[in-house]
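Please treat every number below as a calculation from the coordinates, not as lab data. Computed from a predicted model, the values in this text were never measured in an experiment. Backbone-built Cβ (ideal geometry, glycine too); neighbour counts: all protein chains shown.
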Amino acid sequence: MTVSCPRVFPLLAGLSLLIGLPRPASGEPQLQVNVNPSSPRLGESMAVIIDPPGNLDPTQADNLTVRFTRSGATEAETFPVFPLDPAGDRYRALIPTTPLEAHGRTLLQVSDGTETRNLAVWIQDRRFPTQRITLSGSGSGSATQYELDRVAALKNLVTPTKHWSGPFRRPSNGRTSTAFGVRRYYNGVFAQDYYHRGLDYAAGTGSPVVAPAAGTVALIDYERNGFRIHGNTVGIDHGQGVVSIFLHLHTIPSGLKEGDFVQAGQNIGTIGSTGASTGPHLHWGLYVNNISVDPTPWLNQTVQ
């Protein structure tokens, strides 16, 4: 099915755009949709805020769907929708973008089972730094299957409760040593599918690492158990498809266990150089619906 792309109408200057099909006649139900940010950059996530006509009961809420077709893609992706408040009068879906996809016009379709809105969202281009890496021999090895399976299970988590509130906080006071989205050349060959999936903080071994937001500890594992690349690792489920992962830790508190609930600012470990690491640093990866996104906007503003 081909989805036509309507014009884009400004809601308020400086705020997100309300975009969709022509407004129904006065008095008719209308599905309101707000996208924030209205024009995200590559690598950023966007919140799709849905204000249906009247409060929805749980059965009606199940009919809400959000489908997103990336620039140049032919297949739409479906993203989970969650209530923003107990009253059920507003809902939200989070959509991630990556440095690997094309910028430009994308198509967003939101439906409540009765009315459908077709939205055009423009993804801004963005320049990412590059690094040139020279590898000798077989390099430093590859991840174990155990490691890959455990990390994949963390990234795939979509639990119903939102645990974060307000902006995220920095997990380390160290300087940012590697930005999100850095692209790499290995032995002179550009790595098409690679981008740096997180932020790196450089600090001395033993420097504290704290939770950037509240959530449930969903992963704790160690280099000695087979985490050959990630090293000593902690993963936190912030809820609704948002998870954080912290790599290369030196130590993890002995009292911290999988299933524990942690608050923003709570200690979850110390900076180290375990796994595939050339020196003491923290790698913090933020994932939205299994896709790595730039954590920086989450540090600077509240994501609903």
Stokes-Einstein D (µm²/s) once Rh is taken as the Kirkwood radius of segment 205-304 over alpha-carbon pairs, at 4 °C in 1.567 mPa s: 95 µm²/s
Over segment 61-177 - Rg/Rh using Cα atoms and the Kirkwood inverse-distance radius: 1.04
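Where the only charges are on Cβ atoms (+1 Lys, Arg; -1 Asp, Glu), what is the dipole of the chain about its Cα centre, to the nearest 20 debye?
In debye, rounded to 20, the chain gives about 980.
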In nm, spacing of pseudo-spin labels at L148 and R224 (7 Å Cα→C-beta vector): 2.6 nm
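Determine, from the Cβ-Cβ distance of V182 and S71 and an R0 of 25 Å, the FRET efficiency 1/(1 + (r/R0)^6), rounded to the nearest 0.05.
Efficiency, rounded to the nearest 0.05: 0.70.
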Listed residue (G104, F82, Y222) projecting farthest to the positive dipole end of the chain, Cβ model: G104
Spherically averaged projected area of segment 103-231 from its Cα convex hull (nm²): 12.4 nm²
Simple label model, 7 Å out from Cα along Cβ direction - D62 to T98, nm: 3.2 nm
Order of T302, T278 - criterion: other Cβ atoms within 10 Å of each residue's Cβ, fewest first: T278, T302
Signed unit charges on C-beta, dipole axis of the chain, positive-most listed residue F190, V121, P40: F190
Estimated FRET transfer efficiency when R0 is 35 angstrom, pair F261-D125 (beta carbons, to 0.05): 0.30
Net charge contributed by nearby residues that have their C-beta within less than 13 Å of V303 (K/R +1, D/E -1): 0
Shape parameters for segment 130-299, alpha-carbon atoms, Rg then Dmax in Å: 15.3, 47
Packing-based ranking, highest mean first, of 267-276, 84-93 given that Cβ atoms within 10 Å are counted: 267-276, 84-93
Semi-axis lengths (Å, descending) of the ellipsoid that matches the C-alpha gyration tensor of the chain: 37, 23, 16
Convex hull volume per residue for segment 32-123, taking Cα atoms only, in Å³: 84 Å³
